[in-house]
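> Input: one structure, supplied below.
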Amino acid sequence: MHKDLQRILLDESEIRAAIERVAGEVTAEFEGRAFTVVSVLKGSILFVADLIRHIPIQLELAFVGASSYRESTVSGELSIEMLPADGEIEGREILLIDDILDTGRTLSRLSEELHRRGAASVKTCVFLDKPSRRAVAMQADWRCFEVEDEFVVGYGLDYAGRYRNLPFVAVLKPQLLLADGVETAPGLGGRGAR
Ligand code: XMP
């Protein structure tokens, strides 16, 4: 697996430090309030698992699944495949967590849907933020790192379903990305149908 990587962008100790910082801020925000962490599958699971271990206050955990289908360079519709039960959302304060904020479509669409289903509030937290790629107005309330516009893998992020289990974030060797670029490859550069 490591032979496919061009360089490590964020190592384990940098990741740990950022998680501790964000977890501290989230704890201060939600202290004394009942809230639910909603993890966006599959990419956010490593981040969520590490983050919540550093949030020493009561919380509940739920999951949401979303896929986008892209044709060429045009971002497709986001389809929400799995939502928490209404009882897990209605009247609850939600902390929606994703691996990376890219165009912003996923988080803005999911926030909208959670509000529509009666969430009392929706805050957002992402592991990585790629502001240069934003297509809709969306800012995360918390983020661990801002990254440049390059395709990254590891710590939950995948390329064609692989590399999620790397404990750090890396840039793949460019020759591994398809000739027409990740943007134009179905399932890459976007959430994909997986
Ligand atoms: P939005 O809706 O913000 O979607 O465009 C964010 C989703 O896009 C995927 N994504 C990436 N996945 N490396 C990845 O492994 C990347 O560099 C990357 N950029 C975007 C990812 O599925 C994320 O949840």
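> Restrict the check to region 67-79 and report whether at least one residue is open to solvent by 30 Å² or more (accessible area, probe 1.4 Å), of a type in the set (Phe, Trp, Tyr) and without any contact (Cβ under 8 Å) to a residue 40 or more places away in the chain.
Quick first cut of region 67-79, residues open to solvent by 30 Å² or more (accessible area, probe 1.4 Å) only: 69-75, 77, 79.
Now restrict to residues that are of a type in the set (Phe, Trp, Tyr): 69.
Narrowing the set further to residues that are without any contact (Cβ under 8 Å) to a residue 40 or more places away in the chain leaves none.
Looking for residues that are open to solvent by 30 Å² or more (accessible area, probe 1.4 Å), of a type in the set (Phe, Trp, Tyr) and without any contact (Cβ under 8 Å) to a residue 40 or more places away in the chain, one finds none in region 67-79, hence no.
> State yes or no: is Ile8 in contact with a Phe, Trp or Tyr (Cβ under 9 Å, 6 or more places away or on another chain), open to solvent by 70 Å² or more (accessible area, probe 1.4 Å) and under 17 Å from Leu110 (Cα atoms)? Step through it out loud before you land on a result.
Values: in contact with a Phe, Trp or Tyr (Cβ under 9 Å, 6 or more places away or on another chain): yes; open to solvent by 70 Å² or more (accessible area, probe 1.4 Å): yes; under 17 Å from Leu110 (Cα atoms): no.
No, not satisfied.
> Asn165 passes all but one of (1) assigned to a loop (DSSP other than H, G, I, E, B); (2) under 30 Å from Glu31 (Cα atoms); (3) open to solvent by 40 Å² or more (accessible area, probe 1.4 Å); (4) within 15 Å of the ligand (Cβ to nearest atom); which number fails?
With (1) assigned to a loop (DSSP other than H, G, I, E, B); (2) under 30 Å from Glu31 (Cα atoms); (3) open to solvent by 40 Å² or more (accessible area, probe 1.4 Å); (4) within 15 Å of the ligand (Cβ to nearest atom) applied to Asn165, the lone miss is (2).
> Quick check on region 104-125: of everything there that is over 16 Å from Val37 (Cβ atoms) and touching a residue at least 40 places away in the same chain (Cβ under 8 Å), which residue is least open to solvent (accessible area, probe 1.4 Å)?
The residue in question is Thr106.
> What is the one condition in (1) in a helix (DSSP H, G or I); (2) in contact (Cβ under 8 Å) with a residue 40 or more places away in the chain that Leu96 does not satisfy?
With (1) in a helix (DSSP H, G or I); (2) in contact (Cβ under 8 Å) with a residue 40 or more places away in the chain applied to Leu96, the lone miss is (1).
> For Ala85, work out the one condition from (1) away from the ligand (no atom under 16 Å from the Cβ); (2) open to solvent by less than 50 Å² (accessible area, probe 1.4 Å); (3) among the hydrophobic types (A, V, I, L, M, F, W, C); (4) over 19 Å from Glu31 (Cα atoms) it doesn't fulfil.
Unmet for Ala85, out of (1) away from the ligand (no atom under 16 Å from the Cβ); (2) open to solvent by less than 50 Å² (accessible area, probe 1.4 Å); (3) among the hydrophobic types (A, V, I, L, M, F, W, C); (4) over 19 Å from Glu31 (Cα atoms): (2).
> Kindly list the number of the only condition in (1) without any contact (Cβ under 8 Å) to a residue 24 or more places away in the chain; (2) farther than 29 Å from Ala28 by Cα that fails for Ala135.
(1)
> Give me the residue from region 126-144 that is assigned to a strand (DSSP E or B) and not charged (D, E, K, R) and, out of that set, farthest from Leu110 (Cα to Cα). Write out each step before concluding.
Restricting attention to region 126-144, the residues satisfying the condition of being assigned to a strand (DSSP E or B) are 126-129, 142-144.
Now restrict to residues that are not charged (D, E, K, R): 126-128, 142, 144.
Values: Val126: 13, Phe127: 17, Leu128: 17, Trp142: 16, Cys144: 20 Å.
So the residue we want is Cys144.
The values are calculated or read from the model by the stated rules, or taken from the named source; none is laboratory data. Quick caveat, the model's predicted, so the values are computed rather than measured. Glycine also receives a Cβ, built like all others from the backbone with ideal geometry; neighbour counts cover every protein chain displayed. All accessible areas refer to the heavy atoms of the entire protein, side chains included, with ligands and DNA or RNA removed. Shrake-Rupley method; radii C 1.70, N 1.55, O 1.52, S 1.80 Å.
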